[in-house]
Structure formats: structure tokens, C-alpha cells
């Protein structure tokens, strides 16, 4: 019976210690300027700092890619799709599309190592939110120049703008038959 009381007292003190730690951390997150409890990093207003070797969303340089398919071949989940066409004058390929399906990608960075020209590498972006699965498909050849060259990080706004249809799908009223 004595051991039961000891176990009960130990359990109660352990719970109180845990609650004290929780209360102390909760109190440290209070921001008097905003008069609310926030995280230490106000994510939308300030970027979150990540570790130097963080494996976030890819950065890709379209101009240096030679279309060798090494990154697509080594990808264990087949989430990289490369479309290319042969250059008429000279040798090599021209990219028509370079798409990564981030709903499949497991951010293993295996695609970075075999690239002979170092055109793909892991970036520091940790958010690419979207409302549909289509938002997880990123075609790097349709992105703005700074993002496509790897100078700027991948962001949801640039991805959404790259999916805009620039020309009408149908030919208009002249193609409709009566």
C-alpha cells in the first residue's frame, strides 16, 4: 500500500513539472506589441531560418541543364518529368519542360548528386502551399526568369502564375461547326 502512495505522489509531481514547463514556454511566446501569443518566428511576416543543409524545394537552373535525364533516372519515386527536343544546329537538347511532382517527392536529394553540370540543387524554401494537387506540379521552364535560373527561391505565387493559360484552349467561334 505504501508503494501505491509513492507512485501516486510521483505521478502527480511529474504532471505538475510538465505543466510548469508548458506554462513557462507558453508565457515566453507572448508578444506585447501584438498583444497575442505567437511563435518565436512570425512566419508570414518574417522568413523562418533553416539549417544550412536543409533539403527544401528544389532550385533549378534552366540555362545550364543539358537534358541528360540523370536526375530523373536516379529518382526513386519517379517524380521528375523531363521533356526535351534535339537542337537542330549543333548537338545536345533543348528543354521543353522540366516538371517535379512535389506530391510524390520525398526530398531525398538523390537527384542532386548525378547532375554533371550542377543545375539542380536543394533550396531553403519550406512552403509551397496550394489548394489542389495540381499546385504540387511545378514546371520550372514556365516559371519567371529569376526563379528558373535559380537566383530566386520557389514560391507559391510564382508557381500559380506559371500555370495560367496564356492562349485560349479552343480556336474561338470560327472553329465551331454549325
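A few notes on this one:
- Candidate set: the range 70-84, residues that are within 17 Å of residue 140 (Cα to Cα) and in contact (Cβ under 8 Å) with a residue 40 or more places away in the chain; chosen: the one surrounded by the fewest Cβ atoms within 10 Å (Cβ to Cβ): 70
Yes or no, residue by residue, for (1) at pLDDT 85 or above; (2) assigned to a loop (DSSP other than H, G, I, E, B); (3) over 26 Å from residue 49 (Cβ atoms):
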site: 154; (1), (2), (3): no, yes, no
site: 160; (1), (2), (3): no, no, no
site: 164; (1), (2), (3): no, yes, yes
site: 168; (1), (2), (3): no, yes, yes
site: 174; (1), (2), (3): no, no, yes
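- Sole residue being assigned by TED's automatic domain parsing to the domain that holds residue 143, part of a strand (DSSP E or B) and under 17 Å from residue 162 (Cβ atoms), chosen from 83, 124: 83
- Only residues that are at pLDDT below 90 and out of contact with any helix residue (DSSP H, G or I) (no Cβ under 9 Å at 6 or more places or on another chain) were counted across the range 85-117, and they come to 10.
- One residue alone among 15, 62, 48 is outside the structural domain of residue 154 (by TED's automatic domain parsing) and either closer than 30 Å to residue 143 by Cα or modelled with pLDDT under 90 (or both), and that residue is 48.
- Within the range 109-140, considering residues that are within 11 Å of residue 55 (Cα to Cα) and under 11 Å from the mean Cα position of the chain (by Cα), the one surrounded by the fewest Cβ atoms within 10 Å (Cβ to Cβ): 126
The values are calculated or read from the model by the stated rules, or taken from the named source; none is laboratory data. These figures come from a predicted structure and were not determined experimentally. With ideal geometry, Cβ positions are generated from the backbone for all residues, glycine too; neighbour counts draw on all protein chains shown.
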